[in-house]
Every structure is written in structure tokens, then in C-alpha cells.
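The values are calculated or read from the model by the stated rules, or taken from the named source; none is laboratory data. Bear in mind the structure is a predicted one, so any value in this text is a computation, not a measurement. Counting neighbours? That spans all protein chains shown, and the Cβs are built from the backbone with ideal geometry, glycine included. Areas reflect the complete protein model, heavy atoms only, side chains present, ligands, DNA and RNA absent. Shrake-Rupley method; radii C 1.70, N 1.55, O 1.52, S 1.80 Å.
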Amino acid sequence: MPGRLARQAHGRFDAAGAVALSLLLGSTAWLLNPGNAPGWAVPAAAVTLTALTFAFIRYELRQEDPVL
């Protein structure tokens with residue numbers, strides 16, 4: 001176990017994954033409280049957010065040192 005932790009500590013930081021995760025979390029927060037958004041915006045945002053989440057997961061699965 002200590003050897004495994006030492007190996008993980010020297011990995012590269014996934015900056016693109018961190019930015020994408022931050023945007024996904026922020027978008028999810030907006031989706032849960034859209035305020036005065038037009039009626040079409042929430043369903044469109046939900047579909048877009050779902051597609052982007054799947055793309056993010058696919059991207060992270062291919063990374064050597066994923067953010068998640």
C-alpha cells in the first residue's frame with residue numbers, strides 16, 4: 001500500500017479534467033436552480049449536461065492520471 005501511494009503522488013495533474021469537472025459541477029448547480037431561465041433552457045441544459053458528462057467520463061477513463 002505505501003508503494004502504491006508513492007506512485008500516485010508523482011502523477012501529472014489533469015488540468016483539463018479539473019476544468020471540465022468544475023464546469024460540469026457549476027452547470028449542475030445552475031440546472032438545479034435556474035432562476036428566470038426560459039422554459040426551453042432547462043431541458044436543453046439537461047440534455048447537454050448529460051452528453052457532456054458522458055464525454056467527460058470517457059475522457060477521464062483514457063487518462064493515465066485522471067482527476068477522478
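Helix-derived [θ] at 222 nm for the chain: sum -39500 (n - 2.57) over DSSP H runs of at least 4, divide by residue count, nearest 500? Don't skip to the end; give the middle numbers.
On the way: 3 runs with 48 residues, N = 68.
It comes out at -23500 deg cm²/dmol, rounded to the nearest 500.
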### Task
Would you be so kind as to identify which of 38, 26, 54 lies farthest towards the positive end of the dipole of the chain, taking Lys and Arg as +1 and Asp and Glu as -1 on Cβ and the Cα centre as origin?
54
#### Entry: Along the chain, longest interval not containing exposed chymotrypsin sites (Phe, Trp or Tyr not before Pro), exposed being DSSP loop plus at most 10 other Cβ atoms within 10 Å
41-68
## Note on the structure
Rounded to the nearest 10 Å², the accessible area of residue 19 using a 1.4 Å probe with every protein chain kept is 90 Å²
### Query
Using the Kirkwood formula over every pair of different C-alpha atoms, what hydrodynamic radius in Å results for the chain?
13.9 Å
### Query
Going from most exposed to least, what order do 48, 53 have by accessible area with a 1.4 Å probe?
48, 53
### Accessible area per residue in Å² at 1.4 Å probe, computed on the chain
80 Å²
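When the accessible area of the chain is computed with all protein chains present and a 1.4 Å probe, what percentage of it is carbon and sulfur?
So the carbon and sulfur contribution to the accessible surface is 66 percent.
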